[in-house]
2 protein chains.
Amino acid sequence: MHDLRPVGYVIGLLAAVLGATMAVPMAVDLAYDNGHWQAFLQSAIITIIIGAALAIACASGVGPRLTLQQSFLLATGVWVALPLFGALPFLFGATGARPVDAVFEAMSGLTTTGATVFVGLDDFPEGLLFWRSMLQWFGGVGIIVVAMVFLPELKVGGMQIFRSEGFDTGGKVLPRAAQIAAQIMAIYVALTLACGLAYASVGMTGFEAANHAMTTLATGGFSTSDASFGLFQGAPEYVSSVFMIIASLPFVRYIQLVAGSTRPLLRDPQVRGFGWTLAALVAVIWSYRVFVRGDGLEHAFREALFNVTSIITGTGYASVDYQLWGHFPIALFFFIGLIGGCAGSTCCSVKIFRYQLLIAAVEAQIRRIHSPNGVFTPHYNGQPVTEEVLSSVMAFLGLFVVTLGLVAVALGMTGLDFITSVSGAATAIANIGPGLGEIIGPAGNFAAINDVAKWILTVTMLLGRLELLVVLVLFLPRFWRI
Amino acid sequence: MHDLRPVGYVIGLLAAVLGATMAVPMAVDLAYDNGHWQAFLQSAIITIIIGAALAIACASGVGPRLTLQQSFLLATGVWVALPLFGALPFLFGATGARPVDAVFEAMSGLTTTGATVFVGLDDFPEGLLFWRSMLQWFGGVGIIVVAMVFLPELKVGGMQIFRSEGFDTGGKVLPRAAQIAAQIMAIYVALTLACGLAYASVGMTGFEAANHAMTTLATGGFSTSDASFGLFQGAPEYVSSVFMIIASLPFVRYIQLVAGSTRPLLRDPQVRGFGWTLAALVAVIWSYRVFVRGDGLEHAFREALFNVTSIITGTGYASVDYQLWGHFPIALFFFIGLIGGCAGSTCCSVKIFRYQLLIAAVEAQIRRIHSPNGVFTPHYNGQPVTEEVLSSVMAFLGLFVVTLGLVAVALGMTGLDFITSVSGAATAIANIGPGLGEIIGPAGNFAAINDVAKWILTVTMLLGRLELLVVLVLFLPRFWRI
Ligand SMILES: [K+]
Ligand SMILES: [K+]
């Protein structure tokens, strides 16, 4: 029998902390004097009591290390339990949301997906908007820590190539994981403050700046308006683009940067690959807008930069409905959402390094074709890639595509049309936010789809955020054998 | 400098043979006395003269073996040159087709895709319909030979796991490749005859039976009517399903079967995987039709069996517009087209064995997660899978998905809508035939799309049929270095 107490202890503790943070939106509501603060008080009491009770009940079983099974269960358990507690303010609050909508929204928040089932955000109580942003902000930093501390050890999806990264800050003695996590959180906070100040300096109100700073750094994409970034055209789009890009690079590089070393950041193959890919895509859309559609240079550049950055990083803000730019951008935006940012950032989706490993595999394959008797190993960042990593990446990509297909089919089964099913599956598994088509496209939202589809998407967001395998292994009887 | 003469010699020879076979549709037109036979005479003269001239000019350079570069160039060259010659009857004949349409149709034939740009097939001269069917029939047997003799040696897309297969007929002494090829052709002819007789026995005219027998064994999907299999509902759907399945299994197993050994066929993991997948999908669609849509048991079973078999094998016949069955089957049919049949058959697409290798990789990954210090190698058919095969399969899958995405985006750029772009890219790269949506769906065809899109699709069919890498390596300077 596996001892589940260490898992319950951490989850309980995190839930209690989440409950305590509900004081922030409560304070926001009190400050705005909108009479909505009780929803957070109620939610906080329930969350803290249950969380603390769970932690206390499990405290006796806590040891110095987690087993493998406990680690997997913990990662999944956190992203199952916290959305349930995080949903309470939506249930009790002004939205009076049904459970399916409340859980969808909280899961969309904590997985940094940013798909929303709520309409009329502009008239929401400020605390509730703030809570949505906070959920994304927590989810963003949470995933960096999981990606750096857990996934490499768990050998999931090829992340083991970063195993030494988290603990290798420029040749120095190995700091402890907790120290790294603390440094990352400090950087995350600092960048969020910088982003908020920048937003405020280009015309956002303090409240808008604070919310969007949190959801930008989390590459989350929740906004304070139904119009998303449509309200903030112009300079805020540039500011946002810069910080979305910053949020998409490996955070461990910023630790090294703070320590005075720019080289690891500039030489990181993920950073370079991401930069070139982004530049190429912006150039393509920009040229298309200017030469084919006849739009103005700056206007076309700004909208290309902002919307491409938003989708490739999986943030999911929309400043315009790019579906109106013609058929070509629609298909392109569908596929660039499947690229994603760098591992070790707040980004989701397939991620740059997996495409780079794919290219390395193709290169090795071509060399092999050319010289059938030679032995060629794919290389990444100058290092040979082991068979284990390759087969992990292959397993991830295969699962990603197959899951995408199964979810799309399941959504179709609930009655959604083709473009909504396929783009809905993609946007949920890659944690992007908006889908395509009239219903869930950048100008729409997820309010109108049926409840079964909402539950399917909720589970898919969880699967995507935890790189699929972390959740799926839990359903294998073999996994639970000692 | 590479000696291109051996390549030119074989292409010239094959072109001359193709020209000679134009006597068959000419004879058909003469027999039906429709006054259309001159188109084939003209085409045959041009094709034979150019082909023979090329062969004679290159004959001096022919040696006993092809180099690697020559092998790749030959495979691609055959599927580029023969469609150009095969297009002549469409140019000169009753269709008076423009070059883009003639080449599209011939490429769709020889790659066994089965997408058509022609409308009014029911009123076509019989010889022209027969020529379309013959192109597919040649393309089908051509690809089996390429897949068995060339691809394993060229180490393309993981096909090297079948390297010994073509030459291993049940433990006996190794026969020569030419002997195997001859046996396969004999089996292909025999199965085509059997299929034609079966079709005739369930109500098709002799002409219809002959045409559909050829396009069934090739899993090609060209029909003699705009309504495709809509004219042949009932018993012909069962006959067709049986022969489409036969055409999707590895043909080398039939050689062993003829030699009296049933075991290799029944124990082949590809055959078993394909059988179970097909059965499961038919059961799903059947249940959906019966329980959700309230259709009759036999009617629902027959249409589910026929249409699922048609799409999973990549044949592409349609007996009904399954887009009218609701949203769920549409999304499902999109994804089952990406499964494909067995390697070593006339099928295209990703193919069963690559999914099986993917599953093996996921299994090894899960074992590795469970026991981080163990060493786990994926297995296929009881044998460990080498890193080389895994990385080849990964390269194939990656290229497949990325090419699909790029082609879809390019099609979108020409002005096609999302569902037409994405399903058009998929149906071309997987050589299925029909796409989805109103324009190119099972009830539509490719006549109405723009010329640029037709050229893009023509190239994509070629890429897909030759497993992508066979064509793509030719564009790498490195490949041409000795
Ligand atoms: K997002
Ligand atoms: K086909």
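State whether the residues of segment B:347-360 include one that is more than 27 Å from A:Ala410 (Cβ to Cβ) and either away from ligand 1 (no atom under 16 Å from the Cβ) or buried (at least 22 other Cβ atoms within 10 Å of the Cβ) (or both). Lay out the reasoning, then the answer.
Narrowing segment B:347-360 to residues more than 27 Å from A:Ala410 (Cβ to Cβ): none.
No, that holds for no residue.
Quick check, is B:Ala213 out of contact with any strand residue (DSSP E or B) (no Cβ under 7 Å at 6 or more places or on another chain), within 16 Å of ligand 2 (Cβ to nearest atom), in a helix (DSSP H, G or I) and more than 14 Å from chain A (Cβ to nearest Cβ)? So B:Ala213 passes the test.
Taking segment A:358-388 as the range and being in contact with a strand residue (DSSP E or B) (Cβ under 6 Å, 6 or more places away or on another chain) and not in a loop (DSSP other than H, G, I, E, B) as the test, only A:Ala360 passes.
For every residue, the table says whether it meets (1) touching a residue at least 40 places away in the same chain (Cβ under 8 Å); (2) touching a strand residue (DSSP E or B) at 6+ places or on another chain (Cβ under 7 Å); (3) within 27 Å of A:Val146 (Cβ to Cβ); (4) among the aliphatic types (A, V, I, L, M).
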{"position": "A:Phe243", "(1), (2), (3), (4)": "yes, no, yes, no"}
{"position": "A:Ser261", "(1), (2), (3), (4)": "yes, no, yes, no"}
{"position": "A:Phe274", "(1), (2), (3), (4)": "yes, no, yes, no"}
{"position": "A:Ala279", "(1), (2), (3), (4)": "no, no, no, yes"}
{"position": "A:Ile285", "(1), (2), (3), (4)": "yes, no, no, yes"}
{"position": "A:Tyr288", "(1), (2), (3), (4)": "yes, no, no, no"}
{"position": "A:Gly296", "(1), (2), (3), (4)": "no, no, no, no"}
{"position": "A:Phe301", "(1), (2), (3), (4)": "no, no, no, no"}
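Can you tell which of A:Leu265, A:Leu249, A:Leu257, A:Leu231 is free of Cβ contacts under 8 Å to residues at least 24 places away in the same chain, under 28 Å from A:Met204 (Cα atoms) and out of contact with any His (no Cβ under 7 Å at 6 or more places or on another chain)? The match here is A:Leu231.
When segment B:361-398 is filtered for residues that are facing chain A (nearest Cβ under 7 Å), touching a residue at least 12 places away in the same chain (Cβ under 8 Å) and surrounded by fewer than 22 Cβ atoms within 10 Å (Cβ to Cβ), only B:Glu388 remains. Here A:Ser423 passes the criteria (1) polar (S, T, N, Q); (2) more than 11 Å from every other protein chain (Cβ to nearest Cβ); (3) within 16 Å of ligand 1 (Cβ to nearest atom) except the one numbered (2).
Residues checked against (1) modelled with pLDDT of 95 or more; (2) surrounded by 19 or more Cβ atoms within 10 Å (Cβ to Cβ):
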{"residue": "B:Ile45", "(1), (2)": "yes, no"}
{"residue": "B:Ile50", "(1), (2)": "yes, no"}
{"residue": "B:Ala55", "(1), (2)": "no, yes"}
{"residue": "B:Ala59", "(1), (2)": "no, no"}
{"residue": "B:Leu66", "(1), (2)": "no, no"}
{"residue": "B:Ala75", "(1), (2)": "no, yes"}
{"residue": "B:Pro83", "(1), (2)": "yes, yes"}
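Within segment B:117-132, the set of residues being farther than 22 Å from B:Thr313 by Cα and outside any helix (DSSP H, G or I) comprises B:Phe118, B:Val119, B:Gly120, B:Phe124, B:Pro125. Of the helices (runs of 4 or more DSSP H) that lie entirely inside segment B:238-354, those containing 2 or more residues that are among the basic types (Lys, Arg) and more than 14 Å from chain A (Cβ to nearest Cβ) span B:263-267. Can you report the number of residues in segment B:247-299 which are surrounded by fewer than 19 Cβ atoms within 10 Å (Cβ to Cβ) and not hydrophobic (A, V, I, L, M, F, W, C)? Of the residues in that region, 17 qualify.
Every residue in segment B:434-482 that is among the charged types (D, E, K, R) and part of a loop (DSSP other than H, G, I, E, B), please.
B:Glu467, B:Arg481
Is it the case, given these coordinates, that A:Gly114 is farther than 11 Å from A:Thr458 by Cβ, of a type outside the set (Asp, Glu) and not in a loop (DSSP other than H, G, I, E, B)? No, not satisfied. Among residues belonging to segment A:319-335 that are surrounded by fewer than 24 Cβ atoms within 10 Å (Cβ to Cβ) and under 20 Å from the mean Cα position of the chain (by Cα), point out the one that is modelled with the highest pLDDT. Looking at residues that are surrounded by fewer than 24 Cβ atoms within 10 Å (Cβ to Cβ) and under 20 Å from the mean Cα position of the chain (by Cα), I get A:Phe335.
B:Gly415 - would you say it is over 30 Å from A:Lys351 (Cβ atoms) and facing another protein chain (nearest Cβ under 7 Å)? Criteria met by B:Gly415. Checking each residue in segment A:212-226 for being away from ligand 1 (no atom under 13 Å from the Cβ) and under 15 Å from A:Ile187 (Cα atoms) picks out only A:Ala213.
Within segment B:415-433, restricting attention to residues that are part of a loop (DSSP other than H, G, I, E, B) and of a type outside the set (D, E, K, R), the residue that is farthest from B:Gln323 (Cα to Cα) is B:Gly415.
Beta carbons closer than 7 Å, at least 6 apart along the sequence or on distinct chains, pair a first residue in segment B:334-351 that is in contact (Cβ under 8 Å) with a residue 24 or more places away in the chain with a second that is basic (Lys, Arg) for B:Gly340/B:Lys351; B:Gly341/B:Lys351; B:Cys342/B:Lys351; B:Ala343/B:Lys351; B:Cys348/B:Arg465.
Of the conditions (1) buried (at least 16 other Cβ atoms within 10 Å of the Cβ); (2) under 22 Å from the mean Cα position of the chain (by Cα), B:Tyr238 fails just one. Which one is it? Evaluating B:Tyr238 over (1) buried (at least 16 other Cβ atoms within 10 Å of the Cβ); (2) under 22 Å from the mean Cα position of the chain (by Cα) leaves (1) as the failure.
Taken as a whole, segment A:389-403 holds no residue that is assigned to a loop (DSSP other than H, G, I, E, B) and either touching a helix residue (DSSP H, G or I) at 6+ places or on another chain (Cβ under 7 Å) or farther than 26 Å from B:Ile369 by Cβ (or both).
The values are calculated or read from the model by the stated rules, or taken from the named source; none is laboratory data. Predicted model, so just to flag it, every value in this text is computed and none were measured. As a convention, Cβ positions derive from the backbone with ideal geometry for all residues, glycine included, and neighbour counts pool all protein chains shown.
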